Amino acid sequence: MFKKTLLLSFAASSLLATNGVNMIGTTAASRAMGGTGIAYYTSAAGALHKNISLMGDIDKSEFQFDITYFSASVTSSVYDKMPLNANLSPLPNLPSYDGPAVAESQNMMDTNYIPSISYATRLSDKTVLGIAMIGAAGMATQYEGEYAQRQMNSSMMLMKIIPGLSYRQGNTTFGFAPVLGFGSMSLNYDDRYLDPNGTPYPYGTKPQSQREGLFGTNIGGSELVPAFGFTAGMDVKVTERFRVGVTYNSSLKYTYKEVANFSQFGPSGMVYMADEWMYNNAGVGLSGDNSTISSQLMAAGFKDIVGGQLAADAIQALAGTGTIKGALEATDPNKLDDLTLEQPWEVGIGFAYDVSEDMSCTFDYRYIAWGLAEGYKDFGWDNQSVFAFGIEYHADEFQIRAGYNYAASPIAATSGEAGALLTDVQGHLIFDQALSMLNMVGFPAISTTHFSGGVGYAFSDDMDLDFTVVYSPEATTTREGSLSPLTTGFDALDMVYSYQTKMEQLTLSFGINYQF
């Protein structure tokens with residue numbers, strides 16, 4: 001039962017790509033106000049997530065439950081003029097070779113609901129104790145039956161358990177909490193797309209395309225991975241109407257087991273693809289040394305592929321030195337590598353001003369260090385500045401809220417990328433072209449803008465309900481370049497690629513707060 005509860009906390013948060021992979025807020029009230037909450041109290045769960053010192057605002061013991069429904073439209077376009085994606089007649093080319101192959105990510109999740117739950121109680125006039133369990137971050141895509149996208153099936157999900165304490169001295173409140181994180185991640189894809197008869201493999205029949213996830217589902221990796229960190233915050237009531245808050249969240253380092261064979265995305269992977277081409281088109285694989293790849297391809301009919309000898313020489317150059325046997329052993333799809341992904345530290349400052357007794361305005365700025373975090377920096381993510389605005393108006397028993405949240409995507413658009421450059425990703429050399437593909441097709445955290453609105457209703461002095469709508473309009477990011485070898489002599493070879501992703505999001509949140 002406990003595991004199922006944890007899974008529910010993950011479920012839809014693994015679809016989200018809001019500020020990077022982080023949700024803009026975990027409670028209905030916070031999300032309605034653009035995800036603000038560093039200097040403005042809405043609930044204990046919001047405080048434990050945004051600025052723990054704000055728990056000092058509770059009057060009574062408080063229980064809160066929120067649930068968010070998430071819906072997203074994610075579409076990717078893949079164009080890849082890699083010569084090994086072409087085949088001799090009558091075998092079909094990979095769809096992306098002849099032109100952009102567009103596909104919409106299917107909904108892979110068993111559920112689209114994200115819960116958060118919290119409890120807080122006052123220990124004394126100055127001290128408040130609270131605890132929250134929240135679905136905090138994640139991302140997922142699924143391209144069943146889409147061979148240009150290699151039938152990518154990826155997901156990463158995170159939750160946090162936060163037990164915290166706040167202490168008020170005068171007009172200043174301090175807060176601190178240890179954070180226990182749980183994460184799970186998978187990166188499943190089909191390394192080959194044609195069977196020995198030259199027909200596409202059915203979905204799920206290859207070893208990497210559809211591995212079982214958490215608790216027998218298709219969500220995440222094979223296990224939950226723990227991580228430990230902390231959060232700390234402070235707020236100051238400068239005047240009766242104006243408050244300033246600051247907060248810091250430490251990084252959480254997760255090491256996920258058996259995520260993917262990353263050698264397949266580098267020079268050894270080029271040998272792997274060439275060997276696949278040989279089996280599909282000549283019925284026999286490569287042998288010997290890497291220095292003979294070009295001659296073996298030409299003998300098998302590669303002269304009839306666009307580029308001919310120059311293309312074969314490029315494949316050999318990209319494959320580097322070594323032996324065919326060594327490369328194929330390194331890229332064995334049953335040998336999966338671990339991956340460390342460090343959820344980055346972030347720091348924030350917030351302001352809240354009561355315009356009148358009935359109206360409050362909020363502004364938060366957060367800095368998220370994706371570009372300094374292990375794993376994310378290897379994949380080329382940039383640090384991110386988040387700007388959020390919110391407003392709340394009280395009208396008798398009603399609270400009317402609105403907000404706006406903006407952050408540039410940590411995955412930058414690019415053109416003219418030198419895809420043959422190699423990046424060391426935790427001991428594995430990966431082509432920059434492959435990193436662009438993985439970012440765009442597997443983990444497209446490209447949403448930038450969020451508009452939000454909501455309403456709250458107080459049934460009594462002790463209970464109120466909140467409802468929120470958040471809309472993120474379509475965002476588009478394109479990464480394109482060429483995989484041609486960087487050595488001289490290949491300028492005339494057409495090995496261009498272009499990966500483009502579009503994403504649109506809609507979330508509905510409902511929350512109940514009870515004081516006693």
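Of the residues making up the stretch 37-74, those that are in a loop (DSSP other than H, G, I, E, B) and closer than 12 Å to Arg243 by Cβ are Gly37, Ile38, Ala39, Tyr40, Tyr41, Asn51. Going through the stretch 333-386 one residue at a time, which ones are surrounded by fewer than 16 Cβ atoms within 10 Å (Cβ to Cβ), at pLDDT 95 or above, part of a strand (DSSP E or B) and not polar (S, T, N, Q)? Val347, Met359, Tyr365, Tyr367, listed by residue number. Could you tell me whether Leu54 is within 30 Å of Phe228 (Cβ to Cβ) and either in contact with a helix residue (DSSP H, G or I) (Cβ under 7 Å, 6 or more places away or on another chain) or crowded, with 24+ Cβ neighbours inside 10 Å (or both)? Yes.
Scanning the stretch 395-438 for residues that are of a type in the set (Asp, Glu), open to solvent by 40 Å² or more (accessible area, probe 1.4 Å) and outside any strand (DSSP E or B) returns Asp396, Glu397. Please indicate, with yes or no, whether at least one residue in the stretch 466-481 is farther than 24 Å from Val441 by Cβ, crowded, with 20+ Cβ neighbours inside 10 Å, at pLDDT 90 or above and among the small types (Gly, Ala, Ser). No: the stretch 466-481 contains no residue that is farther than 24 Å from Val441 by Cβ, crowded, with 20+ Cβ neighbours inside 10 Å, at pLDDT 90 or above and among the small types (Gly, Ala, Ser).
Just for the stretch 225-273: of the residues that are of a type in the set (Gly, Ala, Ser) and part of a strand (DSSP E or B), which one is nearest to Ser484 (Cα to Cα)? The qualifying residue nearest to Ser484 (Cα to Cα) is Ala260. With the structure loaded, tell me whether Met503 is open to solvent by less than 10 Å² (accessible area, probe 1.4 Å), of a type outside the set (Asp, Glu), over 17 Å from Lys377 (Cα atoms) and within 23 Å of the chain's Cα centre (by Cα) or whether it fails that test. Yes, satisfied. Looking at Thr75, Thr5, Thr36 in this structure, which one is modelled with pLDDT of 90 or more and open to solvent by 10 Å² or more (accessible area, probe 1.4 Å)? Matching residue, one of Thr75, Thr5, Thr36: Thr75.
Residues that are open to solvent by 10 Å² or more (accessible area, probe 1.4 Å) and basic (Lys, Arg) number at least 1 in the following helices (runs of 4 or more DSSP H) confined to the stretch 292-331: 324-330. What number goes with the only condition from (1) free of Cβ contacts under 8 Å to residues at least 60 places away in the same chain; (2) in a helix (DSSP H, G or I) that Tyr279 does not pass? Tyr279 satisfies every listed condition except (1).
The values are calculated or read from the model by the stated rules, or taken from the named source; none is laboratory data. Computed from a predicted structure; not experimentally measured. Positions of Cβ are backbone-derived with ideal geometry, glycine not excepted, and every protein chain shown enters the neighbour counts. Ligands, DNA and RNA are excluded from the accessible area calculation, which covers all protein heavy atoms including side chains. Shrake-Rupley method; radii C 1.70, N 1.55, O 1.52, S 1.80 Å.
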